[in-house]
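Every read-out reported here was derived from the displayed coordinates using simple, explicitly stated rules and does not represent laboratory data. Source: prediction; values computed, not measured. Cβ: placed from backbone, ideal geometry, glycine included. Neighbour counts: every protein chain shown.
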Amino acid sequence: MNFAVLQFPASNCDQDAVHVLKNVLGHSARLLWHKENSLGDVDGVLIPGGFSYGDYLRTGAIARFSPIMKAVQLFAENGGMVLGICNGFQILCEAGLLPGALVRNRSLQFCCERVHLKVATTRSGFTRAIPENKLLQIPIAHGDGCYFADESTLGELQKNDQILFQYATPQGMLTDAANPNGSLLNIAGICNKNRNVAGMMPHPERASEGWLGGTDGRLIFESWLQELTGRNKPSAT
Amino acid sequence: MKAKITVSPKKAVLDPQGKTVQSALEHMGYTGIRAVHVGKYLEIEIEGDKEIVRQQIDEACRKLLSNPVIEDYQFTLE
Amino acid sequence: MRIDPAITPELVQKHGLTPDEFERIKAILGRSPNYTELGIFSVMWSEHCSYKNTRPLLKGFPTTSDKILVGAGEENAGIIDIGDGLAIAFKIESHNHPSAVEPFQGAATGVGGIIRDIFTMGARPICALNSLRFGELSSPEVRRLFSGVVSGIAHYGNCFGIPTLAGEVYFDKSYEGNPLVNVFCLGVLRHEQIARGAAKGVGNPVFYVGPATGRDGLAGAAFASQDLTEESAEQQRGAVQVGDPFMEKLVMEACLELLATGCVAGIQDMGAAGLTCSTCETAARAGTGIEIDLSKVPQRAPNMTPYEIMLSESQERMLIIVKKGREKEVQTIFDKWDLPWAEVGFVTDTGQMVVKNHGELIVNIPASKLADEAPIYHRTSREPAYLENVRRFTLEKISDTVTPEADLKALLAWHSIASKNWVYRQYDHMVRNGSVVCPGSDSAVVRIKEDSLPLLPDGTFGPRFTEKLIALAVDCNATYVYLDPYEGAKIAVAECARNLACSGAIPLGTTDNLNFGNPHNPEIFYQLKKSVEGLAEGCRAFNAPVTGGNVSLYNQNPNGPIDPTPTVAMVGLIEKWEYVTTQWFKNEGDVIVLLGEVIDSSDPLLGMGGSAYLQRIHGLKTGTPPRLNLDKEKQLHDGLRALIYAGLVMSAHDCSDGGLGVTLAECCISQQIARDTPRLIGATIDLRNSPATRLDALLFGESQSRVVISVNPNKLADAKSEASQRGISFNEIGTVGGDLLTIQSSHRTVTTKLADLHDPWWNAIGRAMN
């Protein structure tokens, strides 16, 4: 498969994403500068973590206006699969490709630690390879990861089975103490209604090699790869 | 001319900064504080026809300067 | 029209220059300096830039080994060969005074400065560490400084995208009002990518890149070289530098991209003393001259004077000397990254640093005399009077403990010992996908993979290589140094090296940060001198030469000087993945072994002098600290590594603050799997055969040269024989398992539930801060 990993000024998990897609999973992945207008020949787009534009104004607010985002919009509209991680999730929300927004952590502090994630649905191209009832251990690292959406949007998310991951206790319970940032419904990741665009605050690329303390993150990339296999390429501009 | 823009969190959105400031103020002995909201203030120096500028600023507020999911905005032109 | 103030003795004094120094300046120039020149001399001849008080002492450091590619004092940071054509650049630096004035920005810009020092060398920064000291957290002002500094470091490092992988934090009254913020950065590069800070090539154009110059941090270097007073702090507050990590990230990417083109003749960051330091130092290094015109320097504020422009410490700026004819490449790359740049001057053959403003000559100083010929002072030293009292302390003055369980919990909750998770959770310690051992073990371990390197001219990372593992530790028990500067400094080095050995690493090199009070005070100078001797001897013993560092003097406030704090950061190489070892116990049934003696019975204080136990339980900061024998220590490290290499060690934890009791507790409780998921694993310890001494000394004495390891029972015989061949003492003291920590001794049995140890240790700092 061919992946494009977008690179905004001050993306800083861009190389990590390429490393995992290329060196760990053996697929082709390249960085794509935000000033480009076209995605080229790609099967999937990954918007990596970081602090695009220094997170000035609001996280992701400025990045969404980069030229490349028009191409991503079109790619997504045509059914192309897009995954946003951390800052990538924030950008996708700002761009309106995913509902809701990510605001300051409830603690007002940046928080970097491994968390437990309940997989709310395996009925998505980003979670299909995850065994039923498996609790994932994946690190988070963010200051603005508190998911917010109004009640009707939350209702829609639930009704359409769009919630992918929720912060949980080691026993899989969705408690307040397990919630590192104050996200509504303990939401850590969601997908859009068409299920081809997803965003998540935790960093699966940091949990893809055993030496770094776990490989649960790989299940997410493996789901993506399974989904893409046998799929027709969406037209990309 | 100068556009003075205030962006504030929507009432329904968790505002931990506001809460923290409120409790700090209360610890300092200020009483009767009902709520504190922490937002952003922007100044844009801009030239042009006032009505057109008003439309431009309004659009910029909607598109970039605020996020309607979590924030409200208001502005004045001076 | 600009009117400079007249040069009066008062003005000279205000610039921190003595009358003798002023005479020396006049002799160099052959005339009186003007206002701008006076400012330039004042910053370049400050301790921060010139090491005028410490240079003779620093000559005692070992600085060579067959692996050193760029040595101490040559450039912005030292560089060490790590094999396969790869190298690492690293350095530690202080930002103490700016952090006292404005903790968030002070700490943030400290991080920015040290990162620039590393990429200036052509290396890609891959991890950061820090060493922090504060007063006690019971004071609201200390809490404000602590939380400001931590969030400042987090802000800059996280946004830049560098993992802050390890550190240490101590709390002691002596740092009240004068916190220490020492920050460290390590970068990676290929040998052929080493960049130099020299203005080579007469006629080559000089470029300024990065954001415009404002009035930020005017004369910060000179400020850092004065005692901190209410007044000086207030004065500086208006001029605090503000960091922009976003800008720095772009400047770094652009600089590394530019360096790959081969069009750069020399490069230096504008750190302390900004444009002044970078121009005269690059010229001095190359033996050339340099001429710039200030009207070409991008300026943020209107009507800035030459004095202000030359002394500004606006952040994230670089000076780049470009090979003539290749200017276009600079423009293309910096435009790609949307970064400001300007051609501001050129390299000359005059040896002079010439500064013009709209063509008018403002500054004309011999560059090498300014950069390298600051006066050198041989200060007098006198043994501090308090040491006599310290030596008089004996254990008869305190009674043995009858509440060892409570003592253990109290020590674990003591902020200097307690888990620092409240701190490191705010740092992104995993970005860049290289954090093999995260904060919370003896050393951090980072892996070097292809994308750790700067790109080559062909846009690739170059030939493939086997991933490398670098271990890092930073240490300084300043209480020991206060109580015995020589021995204490030696111990700081030994503890660092021991931490590396525990992780399976061999030391490669050291960088040090000397934080002391006012050197004009002979007692303080004694601390400084003895500490440097101790550091030098330690570094020599472990073959870990000093590759650079930083000196921060005048760390005192109206209440007195700080404890002498020669912070040591050491870097080592782990040769294979299998050697990576962490501090926590792994499996039920493993045998717990103490390498080294249970207690140093030749020490009359039994390891209790300066101990955490005396401080926390008895409120005493006194007693001669434990002795350290470097030969024995070195033998321990070599033996421990041999055991690790032979695959015989499941865990290894160095025994330091809080003694054996705290060390064992940490082995049981310090592994954190995920949020709210510690892995607690118990131990039963039998010390009944140990020398019958006091219980407090047995549990909490801090005798040196000890490491607690755990060994699979099937491999115990092998481990024993390996240790005896290596001549290290091997004491089986217990077994891993259960949910209690039980320590039997001839006095009594001490038993605690692990959960009761974990909670105070894990949460103490967080609770103090909420």
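Expressed as a rounded percentage, what relative contact order does chain C have, with Cα pairs under 8 Å and six or more residues apart?
15 percent.
For segment A:36-43, what does the Karplus curve 6.51 cos²θ - 1.76 cosθ + 1.60, with θ = phi - 60°, yield as ³J(HN,Hα) per residue in whole Hz, taken in order and with x for Gly and Pro?
Values per residue, Gly and Pro as x: 5, 9, 10, 7, x, 8, 10, 9 Hz.
How well do other chains shield peptide C:430-443, expressed as the mean number of their Cβ atoms within 10 Å of each residue Cβ?
Mean partner shielding for this stretch: 5.
Suppose only helical runs count, i.e. DSSP H with n ≥ 4. What mean residue ellipticity at 222 nm does that imply for the protein assembly as shown under -39500 (n - 2.57) per run, divided by all residues and rounded to the nearest 500 deg cm²/dmol?
After summing the helix terms and dividing by residue count, I get -9500 deg cm²/dmol.
How far is helix C:630-645 tilted, in degrees, relative to the longest principal axis of the Cα atoms in chain C, given as a value from 0 to 90 rounded to the nearest 10?
80
Relative contact order for chain A: what is it in percent, counting Cα pairs under 8 Å that are at least 6 residues apart?
Relative contact order for chain A comes out at 21 percent.
Under a straight-distance cross-link criterion of Cα-Cα below 28 Å, which lysines are reachable from C:Lys634, leaving out those fewer than 8 residues away in the same chain?
The reachable lysines, counting only those whose Cα sits under 28 Å from C:Lys634, are C:Lys59, C:Lys67, C:Lys91, C:Lys468, C:Lys490, C:Lys529, C:Lys530, C:Lys576, C:Lys586, C:Lys715, C:Lys720.
Apply the Karplus curve 6.51 cos²θ - 1.76 cosθ + 1.60, θ = phi - 60°, to the phi angles in segment B:7-13 and return the couplings in whole Hz, x for Gly and Pro.
Per-residue couplings from phi come out as 10, 10, x, 4, 3, 6, 8 Hz.
Sorting check: for A:147-158, C:8-19, A:51-62, C:672-683, which peptide has the highest mean count of neighbouring beta carbons within 10 Å, and how do the rest follow?
A:51-62, C:672-683, A:147-158, C:8-19
Order A:185-192, A:83-90 from most to least packed using the mean count of other Cβ atoms within 10 Å.
The densest-packed peptide leads the list: A:83-90, A:185-192.
Which entries of C:Lys328/C:Lys356; A:Lys159/C:Lys249; A:Lys159/B:Lys10; C:Lys14/C:Lys200; C:Lys324/C:Lys356 show an alpha-carbon separation above 32 angstrom in the structure shown?
Violating the 32 Å Cα-Cα cut-off are A:Lys159/C:Lys249; C:Lys14/C:Lys200.
What do you get for the angle between helix C:754-769 and the principal long axis of chain C? Use alpha-carbon atoms, 0 to 90 degrees, nearest ten.
Approximately 30 degrees, to the nearest ten.
Charges at C-beta only: +1 for Lys and Arg, -1 for Asp and Glu. How large is the resulting dipole of segment A:2-228 about its Cα centre, in Debye rounded to 20?
That gives a dipole near 40 debye.
From zero up to wherever the largest Cα-Cα distance of chain C sits, split into 10 Å bins and tell me the percent of pairs in each.
Pair shares across the bins are 3, 15, 25, 25, 17, 9, 4, 1, 0.
Can you list residues whose amide H is under 5 Å from C:Phe207's amide H, if they're 5+ apart or on another chain and H is modeled 1.01 Å from N?
Answer set, sorted by chain and number: C:Ile320, C:Ile321, C:Val322, C:Val344.
What percent of all Cα-Cα pairs in the protein assembly as shown falls in each 20 Å bin, counting up from 0?
Result, from short to long distances: 12, 42, 36, 9, 0 percent.
Please state the relative contact order of chain B as a whole percent: Cα pairs under 8 Å, 6+ residues apart?
It comes to 55 percent, rounded to a whole number.
Pairing the Cα long axis of helix C:404-413 with the longest principal axis of chain C, what angle in degrees results, from 0 to 90 and rounded to the nearest 10?
Tilt of helix C:404-413: around 20 degrees.
Tell me, what HN-Hα J-couplings in whole Hz come from the Karplus equation 6.51 cos²θ - 1.76 cosθ + 1.60 at θ = phi - 60° for each residue of segment C:727-739, using x for Gly and Pro?
x, 10, 6, 10, 10, 6, 10, x, 9, 7, x, x, 10
List the equivalent ellipsoid semi-axes of segment C:626-769 in whole Å, largest first, each obtained as the square root of 5λ for an eigenvalue λ of the Cα gyration tensor.
Value: 26, 19, 16 Å, ordered largest first.
Give the long-range amide H neighbours of C:Arg675: residues separated by 5 or more places, or on another chain, with amide H under 5 Å away, using H modelled in the peptide plane at 1.01 Å from N.
Correct list: A:Arg114, A:Val115, A:His116.
Where the Cα atoms of segment C:1-125 are projected onto their three principal axes, how long is each span, largest first, in whole Å?
For segment C:1-125, the Cα spread along each principal axis is 58, 36, 29 Å.
Taking the mean number of other Cβ atoms within 10 Å as a proxy for protection, how do you rank C:421-428, C:262-269, C:655-662 from highest to lowest?
Ranking, from highest mean packing down: C:655-662, C:421-428, C:262-269.
What residues have an amide H closer than 5 Å to that of A:His27, excluding those fewer than 5 places away on the same chain, when H is modeled at 1.01 Å from N in the peptide plane?
A:Lys22
What list of whole percents do you get for P(r) of segment A:1-124, with Cα-Cα distances grouped in 10 Å bins up to the one holding the largest distance?
13, 43, 35, 9, 0
Based on the Cα atoms of segment B:2-77, what semi-axes does the equivalent ellipsoid have, where each is the square root of 5 times one gyration tensor eigenvalue, given in whole Å with the largest first?
In descending order, the three semi-axes are 31, 14, 8 Å.
How many partner chain Cβ atoms sit within 10 Å of a residue's Cβ in peptide A:4-17, on average, as a whole number?
4
Quick one: of the DSSP bridges fully inside the protein assembly as shown, what percent are antiparallel, nearest 5?
Around 80 percent antiparallel, to the nearest 5.
Regarding segment A:2-228, what is the average projected area of its C-alpha convex hull, in nm²?
Averaging across all directions leaves 10.9 nm² for the Cα convex hull.
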